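K.L.:
Here's a structure for you.
The values are calculated or read from the model by the stated rules, or taken from the named source; none is laboratory data. Keep in mind that this is a model prediction, so the values were computed, not measured. Note that we place each Cβ from the backbone using ideal geometry, even for glycine, and neighbour counts take in every protein chain shown. Calculation scope for accessible area: heavy atoms of the full protein, side chains included, ligands and nucleic acids excluded. Shrake-Rupley method; radii C 1.70, N 1.55, O 1.52, S 1.80 Å.
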Amino acid sequence: MTDGIKPFSFDTPGSLLVEWGGAKRIGELLSGWFEARNLLIVTDKFLHQNGVLDPAKASLEQAGFTVTVFDDVVADPPEAVLLSCVDQAKAAGADIVLGLGGGSSMDIAKLVAVLLVSDQELSQLYGIGKVKGGRVPLVQVPTTAGTGSEVTNITILTTGETTKMGVVAHQLYADRVLLDAELTVGLPAIQTAATGIDAMVHAIEAFTGQHKKNILSDVFAREALRLLTQNLIAACEDGTNRAAREGMLLGANLAGQAFSNSPVGAVHALAYPLGGHYHLPHGLTNALMLGPVLRFNMTGAAELYAELADVVIGPSDEGVQARSANFVNFMQDLMDRSGAPLKLREVKVPEADLPMLARDAMVQQRLLINNPVEVTEADALRLYQEAY
């Protein structure tokens, strides 16, 4: 008699719509989904000034929505950006929030939707499950294929010069998510590569997680990695390739659902200090650390890597160790071909800072405990040195 299925939970947003060009009729969609009509769009200046928002905004206004745009979101957003957005939303009487942009815009949208109706101070929200009460309706529309933020219940804010803190709560899951890959067509090749590799990291780390890995997160992680590896190079080489763009966006979304339920590990733990100290994009920092961590984890994740090799390369009669090595080599080759920077020295990280980065990575114990192999400070230093 077997032990049966280990108990697990799997949480995700209320509804997902995948539709090329869907943003052009988002007013029609939202008017059928919600009664609220005073809408706040949370985005960044680049998307706003380059007209990416215009079709969605026109559709919303035609459907009877009053639209306010907050476009001051920046990468690794500080608390001040969030609080400014909340003030603008309250002044406008917003009763529904639409995050339209990259991960930072969607992260801000999550907390704005909460703080519009919450009596809690921002400082009371940090941690896991600290949010009380509800929020206004929340819709997410990603414009990059990487973070998966549209389907996660996590917001990361920059709280100091080099420090970040997270809010994790079920209220941060969106009511509705729209995946319109047409919005990702203008993404440059380097950003396509970095965000795509970021999504692959989410899938791999969810699949190899130590504690909350489960049947459903595995299904999502495997399919995410299949879609991402099959479409990354095509999306980088031809940004207008519809099939590639759709595969990347859906792959990133599935990876987001996977890691939201089976959290990430050492790649992210080592990536965070790079973002904090040098303000490098999150996707790029994950890309920089993926190769070294994959090789380091082979001692504890060989069987899982072998399974992933069967997904991205195809079934093989070779043994576990050979297939595991094949997977790591396949991923390294894919990253090499993507054109993304893959060495710390390429992004001007000083070699003298590596010991400091290793110390900072040790603070990320909530992530490191998920890694299939224990990571000490000495290990972290060696991983940074390998990435240098």
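K.L.:
Mind listing whichever residues of segment 252-292 are more than 17 Å from P372 (Cβ to Cβ), touching a Gly at 6+ places or on another chain (Cβ under 8 Å) and either acidic (D, E) or not in a helix (DSSP H, G or I) (or both)?
P.N.:
If the condition is that a residue be more than 17 Å from P372 (Cβ to Cβ), touching a Gly at 6+ places or on another chain (Cβ under 8 Å) and either acidic (D, E) or not in a helix (DSSP H, G or I) (or both), then P281 is the only one that fits.
K.L.:
Kindly list, by first and then second residue, each pair from a residue in segment 59-74 that is crowded, with 20+ Cβ neighbours inside 10 Å to a residue that is assigned to a loop (DSSP other than H, G, I, E, B), limited to pairs with Cβ atoms under 8 Å and residues at least 6 apart or on different chains.
P.N.:
Matching pairs, first to second residue: F65/R37; F70/T43; V73/T43.
K.L.:
What residue, among those in segment 101-122 that are open to solvent by less than 10 Å² (accessible area, probe 1.4 Å) and without any contact (Cβ under 8 Å) to a residue 60 or more places away in the chain, is nearest to V139 (Cα to Cα)?
P.N.:
Restricting to residues being open to solvent by less than 10 Å² (accessible area, probe 1.4 Å) and without any contact (Cβ under 8 Å) to a residue 60 or more places away in the chain, the top hit is A113.
K.L.:
Taking the residues in segment 293-331 that are open to solvent by 40 Å² or more (accessible area, probe 1.4 Å) and assigned to a loop (DSSP other than H, G, I, E, B) as candidates, determine which candidate is farthest from P350 (Cα to Cα).
P.N.:
So the residue we want is D317.
K.L.:
Related question: Do any strands (runs of 3 or more DSSP E) lying entirely in segment 32-140 carry at least 1 residues that are at pLDDT 95 or above and within 24 Å of G256 (Cα to Cα), and which ones are they?
P.N.:
By residue number, 38-42, 96-101.
K.L.:
Return the total of residues in segment 361-382 being surrounded by fewer than 21 Cβ atoms within 10 Å (Cβ to Cβ), assigned to a helix (DSSP H, G or I) and at pLDDT below 95.
P.N.:
2
K.L.:
So if I check each of A203, A174, which one is under 22 Å from L368 (Cα atoms) and open to solvent by less than 10 Å² (accessible area, probe 1.4 Å)? Reasoning before the result, please.
P.N.:
On the way: A174 fails: under 22 Å from L368 (Cα atoms).
The unique qualifying residue is A203.
Residue by residue, here is whether (1) more than 18 Å from L342 (Cβ to Cβ); (2) at pLDDT 95 or above; (3) not hydroxyl-bearing (S, T, Y) holds:
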position: R176; (1), (2), (3): yes, yes, yes
position: E182; (1), (2), (3): yes, yes, yes
position: G186; (1), (2), (3): yes, no, yes
position: A193; (1), (2), (3): no, no, yes
position: I204; (1), (2), (3): no, yes, yes
position: H211; (1), (2), (3): yes, no, yes
position: D218; (1), (2), (3): yes, yes, yes
position: A221; (1), (2), (3): yes, yes, yes
position: L225; (1), (2), (3): yes, yes, yes
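K.L.:
Within segment 136-152, can you find the residues that are under 11 Å from the mean Cα position of the chain (by Cα) and polar (S, T, N, Q)?
P.N.:
T144, T147, S149, T152, listed by residue number.
K.L.:
Tell me, yes or no, whether segment 294-305 has at least one residue that is under 21 Å from the mean Cα position of the chain (by Cα), modelled with pLDDT of 95 or more and of a type outside the set (S, T, Y). Give the steps one after another, and end with the answer.
P.N.:
Of segment 294-305, the ones under 21 Å from the mean Cα position of the chain (by Cα) are 294.
Keeping just the survivors that are modelled with pLDDT of 95 or more gives 294.
Within this subset, residues satisfying the condition of being of a type outside the set (S, T, Y) are 294.
Yes, segment 294-305 contains at least one residue that is under 21 Å from the mean Cα position of the chain (by Cα), modelled with pLDDT of 95 or more and of a type outside the set (S, T, Y).
K.L.:
Of the residues F220, F207, which is aromatic (F, W, Y), within 18 Å of the chain's Cα centre (by Cα) and under 23 Å from G22 (Cβ atoms)?
P.N.:
After ruling out the rest, the residue left standing is F220.
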